[in-house]
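A short worksheet on the structure shown next.
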Amino acid sequence: MPYLMALAIGTMFGIGIFLVLRRNLLRSAIGLVILSNAVNLFLLCCGAYDGVTPAYTTAPGPRADALPQALILTAIVISMGGLAFVLALLGVLAHRERTADADAMRGLRH
Amino acid sequence: MDPHLPLLPIVLPLAGAAAALGLVATPRARATLALATMLAATLASLVLLREVWSTGRPMVFQLGAWPAPFGITIVADLLAATLAVMCQLVMCAGLVYAWSCTDRCVRDPAFYPLFLSLATGLTGAILTGDLFNLFVFAELMVISGAALTAIADDRLGSEAACKYFYLSLLASIALLLACGCLYVSYGTLNLADLAQRITATPDRPLLPVAIVLLLVFFLTKSAVVPFHFWQPDFHTAAPTPVSAMLSSVVVKLGVYGVLRMTTLLFVHEAETIRAVLVALGGAGVVFGGLTAIGTHNAKRMLAYSTLAQIGAILVAIGWGTPAALAAAIVITFNHSLIKAALLMLAGAVASRAPVKSAAFADITGLGRSLPLPGALFLLGGMALAGLPPTNGFVGKLALFRSGIEAAQYGALAVLAAASPLTLVYVARAFQRVWWEQPAAGLVPKAGGDRLVAPALLVGLCLVLGVWAEPLLALARANGEWLATPANYVQAVLRR
């Protein structure tokens, strides 16, 4: 199981980095989504205990570490806000420049 | 003293932002409220600084009364209190500038709430004692700064904001990965607890990975040379009151971070980190100086000059002696005041140009009929280049003296060789705007942005240049505090 998880997270990082490096800004935004989800999974795997039942309950079985879950919840909310903002900006830019190609947006190159 | 005091500099701007959101229909009331809350927050952080400095102990507040390694801790040690005062002073000046700013975006209902949440994020990231909480506050700061740039009058603002936000999201991913690496190795994210545990077992395999990822995060925040490419675009396209904040205090978050890394978290590996900082800082001083000379826009020139100044700060942090750390604090403080003032002056001159722009082609000779901003720019430029009687001279003197004491002659030679570059680009800007003949028919528009805020900041630069002892004493005390991280750890963990 840990190996499968590591492989899955690694693959997600690979896909995310590949997409972030695309010239098309929309693809690169999708890459950001995948990267932030890969980071959340990575945080989940950093938990101290390999548990299956929630913390602070009376259910039997090994407890799960609650802290990474709290971190992930926060990170999910923040990355959702951030990605919404990026997509809104990309919408404005693509509408204004009539392209989603990063190399074609040259306004800032003096 | 009330134990809630360390919370006030964070909570006041946040409450102000929420309240200002309600005042949609009354722009004046919004501006007044923003300025009032920011002044109150500055007052609170000044009281906090005085309290921490006079008692000699960090003030710690445990949120929700959870004891230290389990809950979120707000820690005001001398470094955090000093930087909080610095940030909020400059933020107040920014709000004073925005008061009379002629940009349309200042009247946007979201402007003041975003400005205050920028202040909240910055102060919170400095005062928090928890690595994940730092991530949350840094994200608040980043998203406020990017949104403030995206609503700029300059139509390139949204492009610049997009660029910055992309890179900041990637930097945040690096920070989250570092959080994961540290949590899996040490089981805590509280800075004091981490420091203690890393000192006890410094040989965990993921520790170097975490150090590199944290460095990537903080160096991106500070726009240090290999991570700098977003910074000149972003700072040039932002509205003047915002770009004056971004290029002066917001970039200081990274400086704060590397100070904490080398003096609290990773004391064992500090030598390696310091060698990297000296190399990157030296490269930044040379690169920033040369590129600032080659620019065609006054604001862009000042943004590149920030690369050089941050480079000098990093070199001082890299030397690592208490005297060098004190010099780093002095330069950090001074640079915030100087750079904010100069960017405001560049913006004020641009606001008088027929086409609102700070490009030299549009403002050459415009200053001949504007003597007051010229005098202020000259004084600010002298401070940036480190000439007496300004505070820039005091900082540079402290830097060179600490370098000679630490016998770091190689880095000193680079700094000395690069320091005339500052004089070259400041003099060139002054000459183009205030000396050269204007193009035919170029007369300044009436109105424009008022000069109250930059005049206050330049005045403060002169006062701190002539009466430098309080700041120097504060910086020396900071250097001593940073040399004894055990006090920080004990204050937080109460052991």
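The values are calculated or read from the model by the stated rules, or taken from the named source; none is laboratory data. Everything numeric here is computed off the predicted structure, so don't read it as measured data. Cβ sites come from the backbone with ideal geometry, for glycine too, and all protein chains shown count toward neighbours.
Comparison of B:ALA150, B:ALA160 shows that the only residue that is touching a residue at least 24 places away in the same chain (Cβ under 8 Å), within 7 Å of another protein chain (Cβ to nearest Cβ) and closer than 11 Å to B:PHE234 by Cα is B:ALA160.
Could you tell me which of the residues B:LEU191, B:LEU213, B:LEU176, B:LEU170 is in contact with an Asp or Glu (Cβ under 8 Å, 6 or more places away or on another chain) and more than 22 Å from B:VAL90 (Cβ to Cβ)? Going through B:LEU191, B:LEU213, B:LEU176, B:LEU170 in turn, the sole match is B:LEU191. If you check every pair at least six apart or on different chains, which have Cβ atoms under 9 Å apart with a residue in segment B:37-50 that is surrounded by 23 or more Cβ atoms within 10 Å (Cβ to Cβ) first and a residue that is among the aliphatic types (A, V, I, L, M) and outside any helix (DSSP H, G or I) second? So the pair list comes out as B:SER45/B:ALA76; B:LEU48/B:MET1; B:LEU48/B:MET59; B:LEU48/B:ALA76. Identify the residue in segment B:72-107 that is polar (S, T, N, Q) and in contact with a Gly (Cβ under 8 Å, 6 or more places away or on another chain) and, among all such residues, is nearest to A:ALA70 (Cα to Cα). If we take residues in segment B:72-107 being polar (S, T, N, Q) and in contact with a Gly (Cβ under 8 Å, 6 or more places away or on another chain), then B:THR73 is nearest to A:ALA70 (Cα to Cα). Residues in segment B:120-131 that are within 14 Å of chain A (Cβ to nearest Cβ) and outside any helix (DSSP H, G or I): B:THR128, B:ASP130. For the residues B:GLY380, B:GLY374, the requirement of being surrounded by fewer than 24 Cβ atoms within 10 Å (Cβ to Cβ), within 26 Å of B:GLU436 (Cβ to Cβ) and either touching a strand residue (DSSP E or B) at 6+ places or on another chain (Cβ under 9 Å) or of a type outside the set (A, V, I, L, M, F, W, C) (or both) singles out B:GLY374. A:MET80 satisfies every condition listed in (1) within 11 Å of chain B (Cβ to nearest Cβ); (2) under 21 Å from the mean Cα position of the chain (by Cα); (3) surrounded by fewer than 16 Cβ atoms within 10 Å (Cβ to Cβ) except (1).
What is the residue count in segment A:13-30 for residues that are more than 10 Å from chain B (Cβ to nearest Cβ) and surrounded by 19 or more Cβ atoms within 10 Å (Cβ to Cβ)? Adding up the residues that qualify gives 1.
Put simply, of A:ALA70, A:ALA59 the only residue that is more than 30 Å from B:PHE229 (Cα to Cα), without any contact (Cβ under 8 Å) to a residue 40 or more places away in the chain, surrounded by fewer than 14 Cβ atoms within 10 Å (Cβ to Cβ) and within 11 Å of chain B (Cβ to nearest Cβ) is A:ALA70. Of all the numbered requirements in (1) out of contact with any helix residue (DSSP H, G or I) (no Cβ under 6 Å at 6 or more places or on another chain); (2) without any contact (Cβ under 8 Å) to a residue 60 or more places away in the chain; (3) under 24 Å from A:GLU97 (Cα atoms), B:LEU167 misses one, and that requirement is (2). Of the helices (runs of 4 or more DSSP H) lying entirely inside segment B:181-288, those carrying at least 3 residues that are surrounded by fewer than 21 Cβ atoms within 10 Å (Cβ to Cβ) and modelled with pLDDT of 90 or more are B:191-200, B:207-222. Restricting to segment B:163-184, count the residues that are in contact with a Ser or Thr (Cβ under 7 Å, 6 or more places away or on another chain) and within 7 Å of another protein chain (Cβ to nearest Cβ). Number satisfying all stated conditions: 1. Candidates are the residues of segment B:185-194 that are touching a residue at least 60 places away in the same chain (Cβ under 8 Å) and touching a strand residue (DSSP E or B) at 6+ places or on another chain (Cβ under 7 Å); the one that is nearest to the other protein chains (Cβ to nearest Cβ) is B:ASN190. Has segment B:132-140 got any residue that is surrounded by fewer than 24 Cβ atoms within 10 Å (Cβ to Cβ), of a type outside the set (Ser, Thr, Tyr) and more than 10 Å from chain A (Cβ to nearest Cβ)? Scanning segment B:132-140, I find at least one residue that is surrounded by fewer than 24 Cβ atoms within 10 Å (Cβ to Cβ), of a type outside the set (Ser, Thr, Tyr) and more than 10 Å from chain A (Cβ to nearest Cβ), so the answer is yes. Being surrounded by fewer than 24 Cβ atoms within 10 Å (Cβ to Cβ) and not in a helix (DSSP H, G or I) is the filter here, so list the residues in segment B:78-119 that pass it. Those that are surrounded by fewer than 24 Cβ atoms within 10 Å (Cβ to Cβ) and not in a helix (DSSP H, G or I): B:SER100, B:THR102, B:ASP103, B:ASP108, B:PRO109, B:ALA110. Would you point out the residue of segment A:83-110, among those that are free of Cβ contacts under 8 Å to residues at least 40 places away in the same chain and under 19 Å from B:LEU140 (Cβ atoms), that is surrounded by the most Cβ atoms within 10 Å (Cβ to Cβ)? The residue in question is A:LEU89.
This table checks each residue for (1) closer than 25 Å to B:LEU482 by Cβ; (2) among the charged types (D, E, K, R); (3) at pLDDT below 95.
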| residue | (1), (2), (3) |
| --- | --- |
| B:PRO27 | no, no, yes |
| B:ARG30 | no, yes, yes |
| B:THR42 | yes, no, no |
| B:VAL47 | yes, no, no |
| B:PRO69 | yes, no, yes |
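For segment B:297-313, the count of residues that are part of a loop (DSSP other than H, G, I, E, B), within 14 Å of chain A (Cβ to nearest Cβ) and either buried (at least 24 other Cβ atoms within 10 Å of the Cβ) or β-branched (Val, Ile, Thr) (or both) is zero.
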